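Please read the structure below before turning to the comments.
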Amino acid sequence: MTTSTTDVAVVGGSTAGLRAAEAVARHAPELSVTVISDEPHLPYELPPLSKVALDDRLDVDALVYPFAAGLRDSGVDFRLNTRALSLDTKSNTVVLPDGTLTYRALVIATGCEAIVPPLFAGRPRVHALRRFEDATALRAAVADPEASVAVVGAGFIGGEFASTLVKAKRTVSLIDLAAKPLDRFGERVADAYAALHRDAGVGLFLGNGVVDITEEDGRRRLVLGDGTLVPADVIVVGVGVRPSIDWLRGSGLTFDNGILADATLRAADNVFVAGDIVRWPNARFDTAMRIEHWTSAAEQGRAAGMNAAKLISGAKGDDFANVPYFWSDQHGVRIQFAGHLTGDEEIVESSTDDGLLILYRRGEVVAGVLAFERRAQFVRLRALLRRELRWQAVDEFMR
């Protein structure tokens, strides 16, 4: 067992963790930085895992962030294949399999893990897509063009992989318990999303849950609640994720749909949190939120790293606020959203030959924008949303 020390410890080799390490290394190069990651690779981009075409090679070296190797060469200590076991916030210590790491400031960025319902757990040819190894195993499973694929969960990850599969001429079905997936964005968006997949040749089974799995003559099928049988030689589960925080039980941190933090992303003395696991008060929308988007993870990681360095120097940390944003490419169409919705917004739409634009209005304020294509207009509206956006300022976009 070994004992080591570092100025800033980062637990999690995610985008948020890497950006935190980068922020410290760039703005406080005199500080030592140690990154603990349970992955065997340097931090890499996750979005391409569900987007790269089946006939294109998926290469982890090509996905690794180019500056990650530069950080390692400049002195950042990446401890790969190492899982943090527990945290003692009183002694500023992370317990590792081979010893302990003592820090002056800590950034937790362990992200989320896939939820796999008991019906699917432990079965062969069942895949959840979270890491590079998941993607390579899944691509190997669907290499046979005769294999049928059932995607359980019609959210963005499931939709992206369904798009990749149907483009490769695979038989693919998209199943969701919700009759209208994405209906949190409004019925018009849900209908447009379903039509996008249906028109591309994806089999849609909506408003139905999986109740059983049968196998006959070497071919597998899912049994839906209404008795429908769906071919499923390969099953992709995309029903949601949960924060990876089990290792933090007993640490003294506060949990409520993630790890609670203040406006500076500080969760406890000398501890900051970033990425999918943090729930913090976002002053831009005057509410607490937890966001599972790549862009927010990168922005929060940078902010948490900066505040960790400032803490060590004795300076005051900065509040973090942002406009949540995500994008998804499916069947050649880019879907983008920026903003924050509570569900009581008035929905105003503009549909043209160039695509669909949806604005969410709360009184005289624009709460969010969603677009199928309409890329140039979306970019302008997203920029405007950085500050409170009044309705009269967006009239030109809806003509």
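The values are calculated or read from the model by the stated rules, or taken from the named source; none is laboratory data. Note that the coordinates shown come from a computational prediction; the quantities given were computed from them, not determined experimentally. Backbone-built Cβ (ideal geometry, glycine too); neighbour counts: all protein chains shown.
Yes/no per residue for (1) at pLDDT 95 or above; (2) assigned by TED's automatic domain parsing to the domain that holds Gly155; (3) under 23 Å from Ala135 (Cα atoms):
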position: Asn208; (1), (2), (3): no, yes, no
position: Asp212; (1), (2), (3): yes, yes, no
position: Asp217; (1), (2), (3): no, yes, no
position: Arg221; (1), (2), (3): yes, yes, yes
position: Leu224; (1), (2), (3): yes, yes, no
position: Ala232; (1), (2), (3): yes, yes, yes
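Under the condition of being under 13 Å from Val236 (Cβ atoms) and in contact with a helix residue (DSSP H, G or I) (Cβ under 7 Å, 6 or more places away or on another chain), which residue from the range 167-189 is surrounded by the most Cβ atoms within 10 Å (Cβ to Cβ)? Among residues in the range 167-189 that are under 13 Å from Val236 (Cβ atoms) and in contact with a helix residue (DSSP H, G or I) (Cβ under 7 Å, 6 or more places away or on another chain), the one surrounded by the most Cβ atoms within 10 Å (Cβ to Cβ) is Leu174.
Among the residues of the range 119-153, those identified as hydrophobic (A, V, I, L, M, F, W, C), over 18 Å from the mean Cα position of the chain (by Cα) and farther than 18 Å from Pro47 by Cα are Leu119, Phe120, Ala121, Val126, Ala140, Ala141, Val142, Ala143, Ala147, Val149, Ala150.
Filtered by the rule that a residue be more than 30 Å from Val210 (Cα to Cα), free of Cβ contacts under 8 Å to residues at least 60 places away in the same chain and surrounded by 19 or more Cβ atoms within 10 Å (Cβ to Cβ), the range 232-263 gives a lone residue, Ala261. In the range 270-284 there is no residue that is closer than 30 Å to Gly203 by Cβ and in contact with a strand residue (DSSP E or B) (Cβ under 7 Å, 6 or more places away or on another chain). On the basis of being modelled with pLDDT under 95 and surrounded by 17 or more Cβ atoms within 10 Å (Cβ to Cβ), does Gln392 make the cut? Considered against the rule, which asks whether it is modelled with pLDDT under 95 and surrounded by 17 or more Cβ atoms within 10 Å (Cβ to Cβ), Gln392 comes out as no. Out of the residues in the range 5-23 that are in a strand (DSSP E or B) and hydrophobic (A, V, I, L, M, F, W, C), which is farthest from Ala105 (Cα to Cα)? By that ranking, first place goes to Val11. Within the set Leu87, Leu177, the sole residue that is more than 16 Å from Ser50 (Cα to Cα), at pLDDT below 95 and among the aliphatic types (A, V, I, L, M) turns out to be Leu177. Determine whether Pro117 is without any contact (Cβ under 8 Å) to a residue 24 or more places away in the chain, of a type outside the set (Gly, Ala, Ser) and surrounded by fewer than 17 Cβ atoms within 10 Å (Cβ to Cβ). The answer is no for Pro117.
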